[in-house]
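Below is one structure, written out as structure tokens; comments come after it.
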Amino acid sequence: MFIRKPQQLTENAVTDWALYQRRREFLRGMAGVILLGAGWPGRAAVATSPRPADDPPNSWEDITSYNNFYEFGTGKGDPARNARTLQTSPWDVVVDGECTRPGKYPLEDLLKGMAIEERIYRLRCVEGWSMVIPWQGFELGRLLKRFEPTSRAKYVRFETLLDPKQMPAQQGDVLDWPYVEGLRMDEAMHPLTLLATGLYDKTLPNQNGAPLRLVVPWKYGFKSLKSIARISFVTEEPETTWNRLSPEEYGFYSNVNPEVPHPRWSQARERRIGEFSKRKTLMFNGYADQVASLYAGMDLSLYF
Amino acid sequence: MASSLLGRQTAGRVPAWLWLLLFCAGLLPFLHGLLGVWLHWLGANPVEAVTRASGDWALRFLLLTLLMSSLRRRLGWRLGVRLRRMLGLYAFFYAVVHVLLYLWLDQFFDWVAIGEDILERPFILAGLLAFLALLPLALTSTRTMMRRLGPRWKALHRLVYAAGLLAVLHFWWMKESKSDVSEPLLYAVLLGLLLLERLVARGHPAD
Ligand code: HEM
């Protein structure tokens, strides 16, 4: 598990930043070679520097400038450019469905008594790239218990805010708004499942899903929906946005799985942002020890 | 590329400055990519950025190539047709860069994975076919080849339409899974207009 205390992170982030920069240098070196001929001995040395075996966090800049958040446009740079219009306070979350304490809760009330902790997680996008992100947040399960879900609650359904004034791309119809995602109850209650409120010890930027977003590190990134406005306890598997749009491409579970290719590209490898060569994608994004038991007996090529 | 550079109508020589201007302009996207990687202009995923940009420019130059004879027919602008070979070769140049980037930085020359990619993914197959359609056009773009092939040259160079259609299809299928076909749709419309113009022109033997 990737759980570290904030103090450790700060120290870590500094050394890792240097490594990250060195890896970046390689690509730059290549461009330099093409641009200026091969006469760059200093760069050639960089090209052979070994890659670290561990997972240093990506830079703040990369994490906050390369986002999929279709509510602000389909380009990766669109959210950072356009998400200023999102009003994150005041912020209410509607809680409804199979629970004894439904209601409309102001964000402050939800955060009350929640100790914020540091979680450094890998994030693997279904498109084939990945990052390592130092989140701040709390376990989703701890919040869900407060609403006292009944025994009929089998799934949790989440909605992103629906407000075309704040989220301009909702005026178009690229997706069916609002964005809907869902988890099975045991997935939602799993200790790895996080609600994030910050990253790199700063308030979550709008483009990363402020003020409250889901982080499910063993699933493809689109399952971790952003800017949550509604949480519902439901009895049936909820219809989720991408799954409804293209069920053969995006399954309800969407667990990271190198053996089940997306119809249009392989999922066997991934490009870690900032790295030159590709990495092998790990089963359940490297969290198999913690989560594989949730899916015991399931055919993962059927329930992808 | 679609018909002979030495067409029936003599268009006059291309002024050297215009030739040079276009030559330099055509290199700009390439330089932008190189400098962008070098100076960090391209954001968090420079490999993706240059792969996409090279594909975009291959398609754009392809459409520009097709536009030239339409401009001659519709506006009587003849110089464009004389610049067509350069535009076509730039389309090919960016297609080569695009394919090399895919082979190297996407697949790292893993030929088994590349073979699987082609067989299993229609979007990759369409790109490959578009590339294979461009290849003989580039190889026969010299004056010598033009003369040697005679009337067959013109027939061969109709492959440019296949390349255009396949490239748009390639783009479309790639974007479809991201639920955003607005860009490929734009290219499809532009290509459609260029093809339509040719259909209409068939009824006007003046060209
Ligand atoms: C063997 C041949 C080809 C292969 C393997 C190939 C591969 C690819 C791949 C993997 C992408 C997706 C890049 C990404 O998602 O980041 C792509 C995009 C694209 N390709 Fe190709 N391609 C080929 C040939 C061509 C040709 C010949 C053209 C044009 C004449 C072309 C035009 C494009 C365009 C326009 C895009 C979309 C760029 C964007 O998103 O803006 N491709 N290609």
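Heavy atoms of the protein chains alone define the surface here; on that basis the protein assembly as shown has 46 Å² accessible area per residue at 1.4 Å probe size. For region A:228-294, state which chymotrypsin sites (Phe, Trp or Tyr not before Pro) are in a DSSP loop and have at most 14 other beta carbons lying within 10 Å of their beta carbon. Those that pass, being in a loop and sparsely packed, number zero. In order along region A:188-194, phi translates into HN-Hα couplings of 5, 8, 5, x, 6, 6, 10 Hz, rounded to whole numbers, per the Karplus curve 6.51 cos²θ - 1.76 cosθ + 1.60 with θ = phi - 60° and x for Gly and Pro. In region B:1-153, what percent of the accessible surface is made up of carbon and sulfur (1.4 Å probe, ligands and nucleic acids excluded)? Summing carbon and sulfur atoms, their accessible area is 71 percent of the total for region B:1-153. For A:Arg230, the residues whose modelled amide H falls within less than 5 Å of its own, excluding neighbours fewer than 5 places apart on the same chain, are A:Val94, A:Glu159. Evaluating kT/(6 pi eta Rh) at 20 °C and 1.002 mPa s, with the Kirkwood radius of the protein assembly as shown over Cα pairs in the Stokes-Einstein relation, gives 84 µm² s⁻¹. Dipole of region A:175-290 computed with +1 at Lys/Arg Cβ and -1 at Asp/Glu Cβ about the Cα centre; of A:Ser254, A:Gln267, A:Thr235, farthest Cα towards the positive end is A:Gln267. The contact residues of region B:24-47, meaning those that lose at least 20 Å² of 1.4 Å-probe accessible area when all protein chains sit together rather than their chain alone, are B:Leu34, B:Val37, B:Trp38, B:His40, B:Ala44, B:Asn45, B:Pro46, B:Val47. For the protein assembly as shown, the dipole from Cβ point charges (+1 on Lys and Arg, -1 on Asp and Glu) about the Cα centre works out to 2900 debye, to the nearest 20. Contact residues in region A:268-299 (at least 10 Å² less accessible area with all protein chains than alone, 1.4 Å probe): A:Arg269, A:Arg271, A:Ile273, A:Phe276, A:Ser277, A:Lys278. Couplings for region A:234-251, taken from phi via the Karplus curve 6.51 cos²θ - 1.76 cosθ + 1.60 with θ = phi - 60°, read 10, 8, 10, 4, x, 6, 9, 4, 6, 5, 5, 5, 8, x, 7, 9, 10, x Hz in order; Gly and Pro are left as x. Per residue of the protein assembly as shown, the DSSP helices (runs of n ≥ 4 H) give a summed -39500 (n - 2.57) that works out to -14000 deg cm²/dmol at 222 nm. Volume per residue of the convex hull around the Cα atoms, evaluated for region A:13-295, comes out as 141 Å³.
For region A:167-193 and region B:142-184, what is the centre-to-centre distance using only Cα atoms, to the nearest Å? About 40 Å separates the Cα centre of region A:167-193 from the one of region B:142-184. Residues whose amide H lies under 5 Å from that of A:Gly182, counting only those 5 or more places away or on a different chain, are A:Phe158; hydrogens are built 1.01 Å from N in the peptide plane.
On association of chains A and B, roughly 2800 Å² of accessible area becomes buried (total for both chains; probe 1.4 Å).
Computed from point charges on the beta carbon alone (+1 for Lys and Arg, -1 for Asp and Glu), the dipole magnitude for region A:13-295 about its Cα centre is near 760 Debye. Couplings 3J(HN,Hα) of region A:107-123, computed from phi: 3, 4, 5, 5, 7, 4, x, 8, 6, 7, 10, 8, 9, 9, 10, 6, 10 Hz, in residue order, whole Hz [Karplus 6.51 cos²θ - 1.76 cosθ + 1.60, θ = phi - 60°; x for Gly and Pro].
The amide H of A:Gly198, built 1.01 Å from its N in the peptide plane, has A:Gln136, A:Leu204 as neighbours under 5 Å, considering only residues 5 or more places off or on other chains. Here the extension length gained between B:Val181 and B:His32 equals 51.1 nm, from 0.36 nm per residue of separation less the Cα-Cα distance.
Pairs spanning more than 27 Å between alpha-carbon atoms, out of A:Lys202/A:Lys223; A:Lys202/B:Lys178; B:Lys154/B:Lys178; A:Lys154/B:Lys178; A:Lys154/A:Lys278; A:Lys112/A:Lys202: A:Lys202/B:Lys178; B:Lys154/B:Lys178; A:Lys154/B:Lys178; A:Lys154/A:Lys278. Select from region B:166-182 all residues whose loss of accessible area on going from the chain by itself to the full protein assembly reaches 40 Å² or more (probe 1.4 Å). For region B:166-182, once contacts with the other chains are taken into account, B:Ser177, B:Lys178, B:Ser179, B:Asp180 lose 40 Å² or more.
Note: relative contact order over chain B, using C-alpha pairs below 8 Å and six or more positions apart, is 24 percent. Within chain B, the whole DSSP H helices whose Cα atoms reach 15 Å or more along their own axis and whose mean Kyte-Doolittle score is at least 0.5 are B:16-39, B:84-101, B:122-139, B:159-176, B:182-202. One compactness figure for region B:1-151 is 1.19, namely its Cα radius of gyration divided by 2.2 N^0.38 Å.
A DSSP coil position with no more than 13 other Cβ atoms inside 10 Å describes the following GluC sites (Glu not before Pro) in region A:242-274: A:Glu248, A:Glu259. Counting protein heavy atoms only, region A:125-199 has 52 percent of its accessible area on carbon and sulfur, 1.4 angstrom probe.
The values are calculated or read from the model by the stated rules, or taken from the named source; none is laboratory data. Note that the structure is a prediction, hence the values are computed from the model and not measured. Neighbour counts run over all protein chains shown; Cβ positions are idealised from the backbone, glycine included. Just the protein is used for accessible areas: all its heavy atoms, side chains included, with ligands, DNA and RNA removed. Shrake-Rupley method; radii C 1.70, N 1.55, O 1.52, S 1.80 Å.
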